[in-house]
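The values are calculated or read from the model by the stated rules, or taken from the named source; none is laboratory data. Since the structure is predicted, the reported quantities are computational estimates derived from the model, not experimental observations. Don't worry about glycine lacking a Cβ; one is built from the backbone with ideal geometry, like all the others, and counts go over all protein chains shown.
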Amino acid sequence: MKRVSRVAGDQAPPDRGTESDMGAVIDLAGQALQLELAYLVTTEGKATVRVRGELDIATADQAYAYLRDVVDSQEGPVTMNLSELAFCDAAGLGVLARVAGHARRSGRSLELTGVRPALLKIMAITGMDETFPEIRNPSLSIISLPRQAAITSLG
């Protein structure tokens with residue numbers, strides 16, 4: 001049996017044991033969908049948070065509060081699936097780092113999956129791949145630069 005719950009806006013996720021639809025949609029001033037967070041808990045106790053949209057300065061505070069509450073409500077590991085994350089700025093990276101720190105201090109496990117190459121590159125440059133070793137990929141350790149065009153003289 002899978003357990004899913006849903007909330008709107010800045011509400012926190014319900015306590016463990018509640019069976020309902022779980023997610024948070026952060027919609028600012030009628031703009032298009034900015035960020036959608038939803039989590040699913042399997043009967044084995046593994047929680048997966050789906051992150052969809054933009055994790056940026058406009059959504060960072062609410063996203064951190066939501067993710068912190070998900071980590072706190074779980075006894076088992078929490079995985080964040082970032083495959084649908086369209087944009088992540090410095091504030092969004094800060095959310096990931098803060099949630100990872102909170103999980104570690106709480107004695108819980110937090111892992112990332114589905115991280116897109118552009119975000120992987122930024123995380124490697126900033127050293128965040130140290131926080132999330134599961135995202136390290138040996139092929140990304142060598143960043144190839146585009147070849148320079150050869151200049152030839154026509155005359």
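Selection of region 86-101 for residues being crowded, with 18+ Cβ neighbours inside 10 Å and either modelled with pLDDT under 95 or in contact with an Asp or Glu (Cβ under 8 Å, 6 or more places away or on another chain) (or both) yields Cys88, Gly92.
Annotation note: of Gly53, Gly76, the sole residue that is of a type outside the set (Ser, Thr, Tyr), touching a strand residue (DSSP E or B) at 6+ places or on another chain (Cβ under 8 Å) and surrounded by fewer than 17 Cβ atoms within 10 Å (Cβ to Cβ) is Gly76. Residue-level check: of (1) farther than 20 Å from Asp129 by Cα; (2) of a type in the set (Ser, Thr, Tyr); (3) touching a helix residue (DSSP H, G or I) at 6+ places or on another chain (Cβ under 8 Å), Tyr64 misses just (1).
Taken over region 32-87, residues that are charged (D, E, K, R) and assigned to a helix (DSSP H, G or I) amount to 4. All conditions in (1) at pLDDT 95 or above; (2) in contact with an Asp or Glu (Cβ under 6 Å, 6 or more places away or on another chain) hold for Val25, with the sole exception of (1). All but one of (1) at pLDDT below 95; (2) within 19 Å of Thr79 (Cβ to Cβ); (3) exposed (fewer than 10 other Cβ atoms within 10 Å of the Cβ) hold for Arg105; state the number of the condition that does not hold. Every condition holds for Arg105 apart from (1).
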